[in-house]
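Report on one structure; see the data block that follows.
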Amino acid sequence: MKKKIIQLNIQTVNVNSFNIYKHFLEKSFKLLNFKYTFFILPKEKKRITLLRSPHVNKTSREQFEIHYYKGIFQINNFKNNTMLNWLLCNKPSTIQTKIKFKSLGV
């Protein structure tokens, strides 16, 4: 019997929308009786350096930083794809998701 596993990767810049969507997915997985695990990945920082003045002064620079918050839901013994489509349709626009399907032979 093959075990079906789905990995749902979540990434966003806004920490509030990340926490709200994580809580929404946890509640809906519990209501649908899905067995899942959740991992929080380390946040990434991306720095951008820009010149303040385009003409003379190159030593005057300004730095900006963007934080990316990431997490992975791993759903075991998944059978119903329509519920996953419904859950992904209700996500906030600031969240990016990626889905990976795996099957393990047990």
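Nothing in this text is a laboratory measurement; each read-out follows from the coordinates by a stated rule. Since we're looking at a predicted model, the values are computed, not measured. Note that each Cβ is placed from the backbone with ideal geometry, even for glycine, and that neighbours are counted across all protein chains shown.
For beta carbons closer than 6 Å, sequence separation of 6+ or different chains, a first residue in the range 45-65 that is closer than 30 Å to Asn14 by Cβ and a second that is aromatic (Phe, Trp, Tyr), the qualifying pairs are Ile48/Phe64. Among the residues making up the range 41-63, a single one is closer than 30 Å to Phe73 by Cβ and either acidic (Asp, Glu) or touching a Pro at 6+ places or on another chain (Cβ under 8 Å) (or both): Glu44.
Okay, residues lined up against (1) charged (D, E, K, R); (2) touching a strand residue (DSSP E or B) at 6+ places or on another chain (Cβ under 6 Å); (3) over 24 Å from Gln96 (Cβ atoms):
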| site | (1), (2), (3) |
| --- | --- |
| Thr37 | no, yes, no |
| Leu50 | no, yes, yes |
| Ile75 | no, yes, no |
| Lys79 | yes, no, yes |
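Inside the range 1-40, can you point out the residues that are among the β-branched types (Val, Ile, Thr) and either more than 18 Å from Asn77 (Cα to Cα) or touching a helix residue (DSSP H, G or I) at 6+ places or on another chain (Cβ under 9 Å) (or both)? Walk me through it before giving the result.
Narrowing the range 1-40 to residues among the β-branched types (Val, Ile, Thr): 5-6, 10, 12-13, 15, 20, 37, 40.
Within the range 1-40, Ile6, Ile10, Thr12, Val13, Val15, Ile20, Ile40 qualify.
Tally up the residues in the range 52-73 that are small (Gly, Ala, Ser) and touching a strand residue (DSSP E or B) at 6+ places or on another chain (Cβ under 6 Å), please.
Pass one, the range 52-73, residues small (Gly, Ala, Ser): 53, 60, 71.
Cutting the leftovers down to touching a strand residue (DSSP E or B) at 6+ places or on another chain (Cβ under 6 Å) gives us 71.
Residues in the range 52-73 being small (Gly, Ala, Ser) and touching a strand residue (DSSP E or B) at 6+ places or on another chain (Cβ under 6 Å): 1 in total.
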